[in-house]
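The values are calculated or read from the model by the stated rules, or taken from the named source; none is laboratory data. Worth saying up front: this structure is predicted, and the values here are computed from it rather than measured. Positions of Cβ are generated from backbone atoms using ideal geometry, with glycine treated the same way; all protein chains shown enter the neighbour counts. What goes into the accessible areas is simple: the full protein's heavy atoms, side chains included, and nothing from ligands, DNA or RNA. Shrake-Rupley method; radii C 1.70, N 1.55, O 1.52, S 1.80 Å.
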Amino acid sequence: MKKVLIFDCDGILVDPSMRDYHLYVGGLREQGLDPLPFKRYWTLRRRPMTTAELMRDVELDLSRFRQYRFDNTETEENLRLDEMFPCVPWVLAECSKKYDCRVVSSRFRQDTTDVQLARLGITRYFSSIHALAGPKLEFIRGIPNVHAVVGDTEHDVLPAKELGVLSLAIATGIRCREFLEGLNPTHVFDDLSQVLEVL
């Protein structure tokens, strides 16, 4: 039986930064407010900052903004704003030779997640794909023979540490490298391709 590799989706397989910014802009403009430029917004977003902290100097109806994001973040149209990281196909091809690769992603919608990964042509590398709205720990605990969790946030690193498996943090997503290092994962990498060094 192959050992299992768990991959997050956003920030690992796809770059969600333009989708995230598009939702931020849309949510502000819906309330007649002006957004920050992309570079400034994304730098603050990756620190990380909560939505409330990020918007503390803006007269914003926060609950309305959060509802806008929830309603629009995983539509097929907005998921098309994501770009797959260039190294993903060949990294997955290499990993799937030795490991049982699975996606466990912090998302709300299974249907649009399946459509997106199929459109990108990478579903063949995974034995299963799960969009998981709640915490990942108990779900991953139920998967036998997990070797490592590959992710870009505390929602990937901390469950891996709790379960005593490799936590491979990649600094291409919503959390900056400095924040990830503070979580003390097994490894922090600047690019997904570097996981092959330890796998």
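Under 20 Å of direct C-alpha separation, and excluding same-chain neighbours fewer than eight residues apart, LYS39 reaches no lysines at all. Highest mean packing first, where packing is the average number of other Cβ atoms within 10 Å per residue, the peptides 28-40, 171-183, 64-76 line up as 171-183, 64-76, 28-40.
Extension gain, LEU163 to MET84: 0.36 nm times the residue separation minus the Cα-Cα distance gives 25.6 nm. From most to least packed by mean Cβ count within 10 Å, the peptides 112-124, 152-164 give 152-164, 112-124. Here the contact order of the chain, divided by its residue count and restricted to Cα pairs under 8 Å and six or more residues apart, works out to 29 percent. Beta bridges assigned by DSSP with both partners in the chain are antiparallel in approximately 10 percent of cases.
Solvent-accessible area of the range 43-199 (1.4 angstrom probe, protein heavy atoms only): carbon and sulfur portion equals 49 percent. When Kirkwood radius over Cα pairs in Å is calculated for this entry, the matching label among [x] 16.6; [y] 18.0; [z] 17.4 is [z]. Working from label points 7 Å from Cα in the Cα-to-Cβ sense, the SER127 to ASP191 distance is 3.0 nm.
Cross-link partners of LYS98 among lysines, defined as those whose alpha carbon lies under 22 angstrom from its own and excluding same-chain residues fewer than eight positions apart: LYS2, LYS3.
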